[in-house]
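Below is one structure, written out as structure tokens; comments come after it.
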Amino acid sequence: MLNLIFLIFQSNLPNVETLPGGAPSSACDSMTPEHGVPSTTCTNSYIIEPEHSSYDPSDSILVTVRGKSSSDRFQGILMMARDLENNVIGTWDVTNTAVKTVTCGKGGGITHTSSDDKVSISAIWHSPNSSAGVILI
């Protein structure tokens, strides 16, 4: 079994140019929103909850992102899995219409489908067929 490490980054972006249909593939490398203004650092109010904290090759793991409290809402997300060398690892399947898949390098990620407020989102991450070591999401 190999370990998964889950990280999330939140940006507080006042007066931004939105991408209500989701992040473009071009945002995958930098993992920064392409909103037309620089991002700022803020306190993380969100939790990434994997169904399991470790994986085997060819596993499918449900991953949920939610606020720390019931009042924490978000509108956009870009999430992918990477190895320690920053390569995108594995693929994703969606579980509902709040998110869609996005091509990121040789792997995949997920992004939002609308700018509606979201309490949580879920998607299924499929690990690669062979071991990729520690994975960051």
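A short reminder: the numbers here are calculations on the coordinates, not readings from a lab. Keep in mind that what you see is a predicted model, and the values were worked out from it rather than measured. Cβ atoms come from the backbone with ideal geometry, glycine included; neighbour counts cover every protein chain shown.
Going by the conditions given, is Ile89 closer than 16 Å to Ile61 by Cα and in contact with a Gly (Cβ under 6 Å, 6 or more places away or on another chain)? It would help to see each step written out before you state the result.
Numbers: closer than 16 Å to Ile61 by Cα: yes; in contact with a Gly (Cβ under 6 Å, 6 or more places away or on another chain): yes.
The answer is yes for Ile89.
Here is a yes/no grid of residues against (1) aliphatic (A, V, I, L, M); (2) in contact with a Cys (Cβ under 7 Å, 6 or more places away or on another chain):
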residue: Ser25; (1), (2): no, yes
residue: Met31; (1), (2): yes, no
residue: Pro50; (1), (2): no, no
residue: Ser60; (1), (2): no, no
residue: Gly67; (1), (2): no, no
residue: Arg82; (1), (2): no, no
residue: Asp93; (1), (2): no, no
Output the strands (runs of 3 or more DSSP E) that fall wholly within the stretch 41-137 and possess 2 or more residues being buried (at least 18 other Cβ atoms within 10 Å of the Cβ), or say none. 60-67, 78-80, 91-94, 99-104, 107-112, 120-126
